[in-house]
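Sharing a structure below in structure tokens format, with a few things to ask.
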2 protein chains.
Amino acid sequence: MNKDIKLIDAINNRHSVKEFDPNVKISKEEMEEMLSLAIRAPSSINLQPWRFVIVEAEEQKQQLDKLVRFNQTQLHTSSAMILVLGDNNHADKVEEIFSQNVAAGSMTEDIKNYYIQAVTEQIIKAPVEVRRQLAISDANLVAMQIMLVAKAYGYDTNPIGGYERKEVMDVLNIDSERYTPAMFIAIGKSVKEAHGSERLPIKAIASWNTGTNGVVGE
Amino acid sequence: MNKDIKLIDAINNRHSVKEFDPNVKISKEEMEEMLSLAIRAPSSINLQPWRFVIVEAEEQKQQLDKLVRFNQTQLHTSSAMILVLGDNNHADKVEEIFSQNVAAGSMTEDIKNYYIQAVTEQIIKAPVEVRRQLAISDANLVAMQIMLVAKAYGYDTNPIGGYERKEVMDVLNIDSERYTPAMFIAIGKSVKEAHGSERLPIKAIASWNTGTNGVVGE
């Protein structure tokens, strides 16, 4: 564990790891501590649309085996697989969320009611595709912080995109009409030094002030 | 500047800031340094679909004025507004990306060719909606790292979702068929201490192993 790890070191030393020490189990308390840090991420109107299912039991891991093709090593050797989801109905918690602000003294009852009405009009009544996109975009912000926070706790991660979404949701008893998977993150103790990967140069992917003939970067 | 900032402090001290010191200008070199760190984020098959337009010129800021309703203070006082985009055609850079790995000695020519074929079949030929979703999901990972890296350079940020997407793209001469905005980030030097915000308790947003009757969290 290295809770004093520098931000820049965490960013530079975070590499995807595909094999973990199967004997290392992260406790529920430690997992909750890591998630509590990760959810300090910002979200649209602070509605916190991210949800998590932390898969660590052997029974569920076995059921997922056929559904994470090419990623079975991570599934079976990781301490847990964190399914990061967006909740399409996230705005339903608006009253609970803004009541916390009132209780903390950072918001008046009037402002709370103004927000509740605005969120109801603009988000709760919005088409599901709008709510889904809001939810998974913010869920990805938390996913990034989970991968960084893991470094501070001595763990490594592998963000996994290749899995059967609908079947995974069914096996884990998650309503796939309401929730959308953003990322499946394997987390555990790496068995060997991970190697980094290259990046395109900034000039190839960035433009100053405007694009050029519609194109960004060189 | 505090390049030694701890990861945990960066996460806990990152708060959205809506007013910046208008006299502080981030140099191009410093901006490139921050972006170079942020793009250490992972992406699907390392295809790095994120793109950036860094808006700092007065001319473009003026043109954006009417298009960022409610966020004009950030627009006009920030050092820059970073438009983080996903490139729907990001996989077209697959050869360039994997050639970097071959040059770095971390990949053989055969593996490179295998990946190029797989990416061509599975991504380049995929429907635009699939490519767009891949692109903006990974773009949000980088967006989170930009907001954290800013803290190490002594800056603050405000992630902005409320802006006229199509019109902003047009004004900035960015092809909105090809690129999708993921987040507009105001960055600059905060003029006052930012205040934090509350979060829902973990038990309300997380389940262990499976959902309960389809629902995640209590």
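Working only within the range A:162-176, note down all residues that are open to solvent by 30 Å² or more (accessible area, probe 1.4 Å) and touching a residue at least 40 places away in the same chain (Cβ under 8 Å).
Residues satisfying the conditions are A:Gly162, A:Glu164, A:Glu167, A:Val171.
Pull up the range A:104-139, narrow it to residues that are at the interface with chain B (Cβ under 8 Å from one of its Cβ atoms) and over 25 Å from the mean Cα position of the chain (by Cα), then point me to the one that is modelled with the highest pLDDT.
So the residue we want is A:Ala104.
Same structure, new question: In this structure, does A:Ser99 turn out to be free of Cβ contacts under 8 Å to residues at least 60 places away in the same chain and hydroxyl-bearing (Ser, Thr, Tyr)?
Criteria met by A:Ser99.
Cβ-Cβ under 7 Å, sequence separation 6+ or interchain: first residue in the range A:189-205 and within 30 Å of A:Pro22 (Cβ to Cβ), partner open to solvent by less than 30 Å² (accessible area, probe 1.4 Å) and aromatic (Phe, Trp, Tyr). Which pairs?
Between residues of the range A:189-205 that are within 30 Å of A:Pro22 (Cβ to Cβ) and residues that are open to solvent by less than 30 Å² (accessible area, probe 1.4 Å) and aromatic (Phe, Trp, Tyr), the close pairs are A:Lys189/A:Phe20; A:Lys189/A:Tyr155; A:Ser190/A:Phe20; A:Val191/A:Phe20.
A further question follows. Might you check whether a residue that is on the phi > 0 side of the Ramachandran plot and at pLDDT 95 or above occurs anywhere in the range A:48-58?
yes
Now, a different point. Hey, any hits in the range B:182-203 for a residue that's over 24 Å from B:Asn13 (Cβ atoms) and open to solvent by less than 40 Å² (accessible area, probe 1.4 Å)?
no
Determine which member of the set B:Ala41, B:Ala10 is closer than 25 Å to B:His195 by Cα, open to solvent by less than 50 Å² (accessible area, probe 1.4 Å) and not charged (D, E, K, R).
B:Ala10
Can you tell me which of (1) over 22 Å from B:Gly214 (Cβ atoms); (2) in contact (Cβ under 8 Å) with a residue 40 or more places away in the chain is the one A:Asn113 doesn't meet?
It fails just one condition, (2).
Kindly indicate whether any position in the range A:69-85 is touching a residue at least 60 places away in the same chain (Cβ under 8 Å), open to solvent by 10 Å² or more (accessible area, probe 1.4 Å) and among the charged types (D, E, K, R).
Yes, the range A:69-85 has at least one match.
Now for a different question. Could you name every one of the strands (runs of 3 or more DSSP E) located completely within the range A:156-218 that has at least 1 residues being under 23 Å from A:Gln133 (Cα atoms) and more than 7 Å from every other protein chain (Cβ to nearest Cβ)?
Numbers: elements: A:156-160, A:179-188, A:206-208.
The strands (runs of 3 or more DSSP E) meeting that bar are A:156-160, A:179-188.
Could you go through the range A:148-161 and let me know if any residue there is at pLDDT below 95 and open to solvent by 20 Å² or more (accessible area, probe 1.4 Å).
yes
Kindly indicate whether B:Val142 is within 13 Å of chain A (Cβ to nearest Cβ) and surrounded by fewer than 20 Cβ atoms within 10 Å (Cβ to Cβ).
No: the conditions fail for B:Val142.
Residue under question is B:Lys25, and the condition is that it be under 20 Å from A:Trp208 (Cβ atoms), surrounded by fewer than 20 Cβ atoms within 10 Å (Cβ to Cβ), of a type in the set (Lys, Arg) and more than 9 Å from chain A (Cβ to nearest Cβ); does it hold?
Answer is yes for this residue.
Still on this model: Which condition from (1) farther than 25 Å from A:Ser137 by Cα; (2) at pLDDT below 95 is the one that B:Phe70 breaks?
Going through (1) farther than 25 Å from A:Ser137 by Cα; (2) at pLDDT below 95 one by one, B:Phe70 breaks only (1).
Let me ask another. Looking at the range A:29-61 only, could you name the residues that are farther than 30 Å from B:Ile45 by Cβ, touching a residue at least 12 places away in the same chain (Cβ under 8 Å) and facing chain B (nearest Cβ under 7 Å)?
A:Asn46, the sole residue that qualifies.
Return the residues of the range B:120-139 that are of a type in the set (D, E, K, R) and either under 15 Å from B:Glu177 (Cα atoms) or out of contact with any strand residue (DSSP E or B) (no Cβ under 9 Å at 6 or more places or on another chain) (or both); say none if nothing qualifies.
Hits for the range B:120-139 are B:Glu121, B:Lys125, B:Glu129, B:Arg131, B:Arg132.
The values are calculated or read from the model by the stated rules, or taken from the named source; none is laboratory data. Note that this is a predicted model, so its numbers are computed, not measured. Cβ: placed from backbone, ideal geometry, glycine included. Neighbour counts: every protein chain shown. Just the protein is used for accessible areas: all its heavy atoms, side chains included, with ligands, DNA and RNA removed. Shrake-Rupley method; radii C 1.70, N 1.55, O 1.52, S 1.80 Å.
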